[in-house]
1. Between a residue in the range 44-56 that is of a type in the set (Phe, Trp, Tyr) and any residue that is surrounded by 15 or more Cβ atoms within 10 Å (Cβ to Cβ), which pairs come within a Cβ distance under 7 Å, given they are 6 or more apart or on different chains?
2. Test residue 69 against the stated conditions and say whether it is small (Gly, Ala, Ser) and open to solvent by 20 Å² or more (accessible area, probe 1.4 Å).
3. Residue check: is residue 34 under 16 Å from the mean Cα position of the chain (by Cα) and not hydrophobic (A, V, I, L, M, F, W, C)?
4. Among the residues of the range 59-73, write down those that are over 19 Å from residue 41 (Cβ atoms) and under 13 Å from the mean Cα position of the chain (by Cα).
5. Condition first: in contact (Cβ under 8 Å) with a residue 40 or more places away in the chain and either loosely packed, with under 13 Cβ neighbours inside 10 Å or over 16 Å from residue 8 (Cβ atoms) (or both). Now tell me which residues in the range 72-103 satisfy that.
6. Mind listing whichever residues of the range 91-111 are more than 14 Å from the chain's Cα centre (by Cα) and closer than 20 Å to residue 29 by Cβ?
Amino acid sequence: MSISVTVHGIQTAQTPTNNGRWATADIITTDGTDTIVYAVPITIDYAIASISICNRSTTPTLPVSVAVAQADTPLDREFIEWQSIIIPKGVLEITQLMLEPDTRIIVRVGP
């Protein structure tokens, strides 16, 4: 399985902002392990983000879940996508996420 994740958007603060692509990751675990893809810096006021999850494989993915969490282990209520299957060569995209400082974007692949 070949899954890659990209996080991009706009961060706002009274100091210079960080716009564009913030993080990329290859997800290699398919056992339901949580992977922290990005943590919003505590030095900003808020961030507006988009997440793109690409299935580079020729087969459908195992279930993919995405959480926006306050800790490294997400609570059930923090999942914004739950066990979605991404078609071969397909993309799951989540846009216009308003994120607070110290928030984590977490991806889980598998059961």
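The values are calculated or read from the model by the stated rules, or taken from the named source; none is laboratory data. Just so you know, these numbers come straight off a predicted model, no measurement behind them. Glycine also receives a Cβ, built like all others from the backbone with ideal geometry; neighbour counts cover every protein chain displayed. The area values use the complete protein model at the heavy-atom level, side chains included, leaving out ligands, DNA and RNA. Shrake-Rupley method; radii C 1.70, N 1.55, O 1.52, S 1.80 Å.
1. If the second residue must be surrounded by 15 or more Cβ atoms within 10 Å (Cβ to Cβ), the pairs left are 46/99.
2. So residue 69 fails the test.
3. So residue 34 passes the test.
4. Residues satisfying the conditions are 64, 65, 66.
5. Selection gives 74, 86, 93, 95, 96, 98, 100, 101, 102.
6. 110, 111
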